[in-house]
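Take a look at the structure below.
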Amino acid sequence: MSRLVCLGLMLAVCLVAVSESESKPQDASNEEHVAEAANECKTETGATDEDVELMMKHEPSANQEGKCLRACMMKKFKIIEEDGKPSTEHTMEMMKLMSENAEEKEDAITEIADTCAAIDLPEDHCDSADAYLKCIFEHMEKHGITMRVEH
């Protein structure tokens, strides 16, 4: 279950922050830019090194700051909008980039993005990002979609 909880950091590991306003899932590849974005989010959210480490290991958040760290990263890479609402389009792009077997699972990826975008999410952006990530990972597992692991 722990690997299911942390799409946010999985996203972060695979992303490139070209600029705060222009980052998109398809920019995935440059760890230096991802680390820069993670440090910015760490500062913005009051997260600790341990929160970042948990995120990088794809383990559940230990606290609210860890959830907010993930929400910040998801906002930077347009997985969720500034208002906290999911971006189905960018979620699908990210899942395709991060999935081992995306070509065979395109219909399932679309279904997952639509399903999870439609769930009733909490008002708090940090809790909302956490719930959205859990939904995505749970449905990916149900559909047999495996994640690429970046180290």
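Worth a mention:
- Flag if Glu44 is open to solvent by 30 Å² or more (accessible area, probe 1.4 Å) and either under 18 Å from Gly144 (Cα atoms) or of a type in the set (S, T, N, Q) (or both): no
For (1) assigned to a helix (DSSP H, G or I); (2) in contact with a strand residue (DSSP E or B) (Cβ under 6 Å, 6 or more places away or on another chain), each residue gets a yes or a no:
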| site | (1), (2) |
| --- | --- |
| Leu69 | yes, no |
| Met74 | yes, yes |
| Met92 | yes, no |
| Ile109 | yes, no |
| Glu123 | no, no |
| Cys126 | yes, no |
| Gly144 | no, no |
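- A single entry from Ser61, Ser87 fulfils the requirement of being among the polar types (S, T, N, Q) and touching a strand residue (DSSP E or B) at 6+ places or on another chain (Cβ under 7 Å): Ser87.
- Which listed residue, of Leu133, Leu97, Leu69, is on the phi < 0 side of the Ramachandran plot, open to solvent by 50 Å² or more (accessible area, probe 1.4 Å) and in contact (Cβ under 8 Å) with a residue 60 or more places away in the chain: Leu97
- Residue tally, condition touching a residue at least 12 places away in the same chain (Cβ under 8 Å) and more than 12 Å from Gly144 (Cα to Cα), over region 100-110: 1
- Within region 75-91, if we keep just the residues that are surrounded by fewer than 20 Cβ atoms within 10 Å (Cβ to Cβ) and of a type outside the set (Asp, Glu), the residue that is modelled with the lowest pLDDT turns out to be Gly84.
- Test: residue in region 18-35 that is modelled with pLDDT of 85 or more, among the β-branched types (Val, Ile, Thr) and open to solvent by 30 Å² or more (accessible area, probe 1.4 Å): no
The values are calculated or read from the model by the stated rules, or taken from the named source; none is laboratory data. The shown structure was predicted, so the numbers you read here are calculated from the model rather than taken from an experiment. Ideal geometry is used to build each Cβ from the backbone, glycine not excepted, and the neighbour counts take in all protein chains shown. For accessibility, only protein heavy atoms count, side chains too; no ligands or nucleic acids. Shrake-Rupley method; radii C 1.70, N 1.55, O 1.52, S 1.80 Å.
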